[in-house]
Amino acid sequence: MNFIKYNPLKEQLRNRTMSDRDALPYYIVQIAFMSLFLFPIPYEHTYSFGYVFSSIVVTAVTIAGILYCYVKNGGRTGYDFIQKTIVLGWVVVVRVFLLFFYCLFIFIMTYGVILHRLKIKPVHHSCPLWIGTIVTVVIAAIYFQRLGRHIKDTQKEPGDPAGSGYRPPAAGSA
């Protein structure tokens, strides 16, 4: 992995000699950093053990999900992993979050109707961190399971002449 130099990476990309296996560490590190440092953003100005633990759990689930999808793509023999992950991942995100928000909307409406009928005023508490972590892990697990299934569906059947997967171009070809 080149952490600092652009040119060797650009050369590999230009020549189409970078395989999915070569690109996988870059993808995992980028997503892990985003997961580790962007979630959860604490409401207080200090990080507690709970926030650090939550971040580590969510990051571990994210890395495991990426590796699961990589295996579903065929592992070393798979092709176009990152392209499939981004393209199919968008549709999975939209569908999973639409389902989540639809269920949340129904829950909130039902909760509100029950409280209104019982003439109870709702008590506003912030969501405990462990509930947010569990919800995030469940959503991530659903996301990666669905993404892995759809990525697996893109694999060509053995013997299919069009299903050759990734092949670097022959030397001297344009």
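Bear in mind these aren't lab numbers, they're just calculated from the coordinates by the rules spelled out. Keep in mind that what you see is a predicted model, and the values were worked out from it rather than measured. Quick reminder, even Gly has a Cβ in these numbers, built from the backbone with ideal geometry, and neighbours come from all protein chains shown.
Within 15 Å, Cβ to Cβ, of Ala23, how many net charges do the neighbouring residues add up to if Lys/Arg are +1 and Asp/Glu are -1? The partial results should precede the final answer.
Working: positive: Lys10, Arg14, Arg16, Arg21, Arg76, Lys84; negative: Glu11, Asp20, Asp22, Asp80.
Net of charged neighbours comes to +2.
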Pop out the ³J(HN,Hα) list for the range 131-140 in order, Karplus 6.51 cos²θ - 1.76 cosθ + 1.60 with θ = phi - 60°, rounded to Hz; leave Gly and Pro as x.
-> 5, x, 5, 4, 4, 5, 5, 5, 5, 5
On the formula 1/(1 + (r/R0)^6), with r taken between the Cβ atoms of Asp22 and Met109 and R0 of 35 Å, the FRET efficiency rounded to 0.05 is 0.10
Under 11 Å from a point 7 Å along the Cα-to-Cβ line of Val57: which residues of the range 131-145 have their amide N that close?
-> 131-138
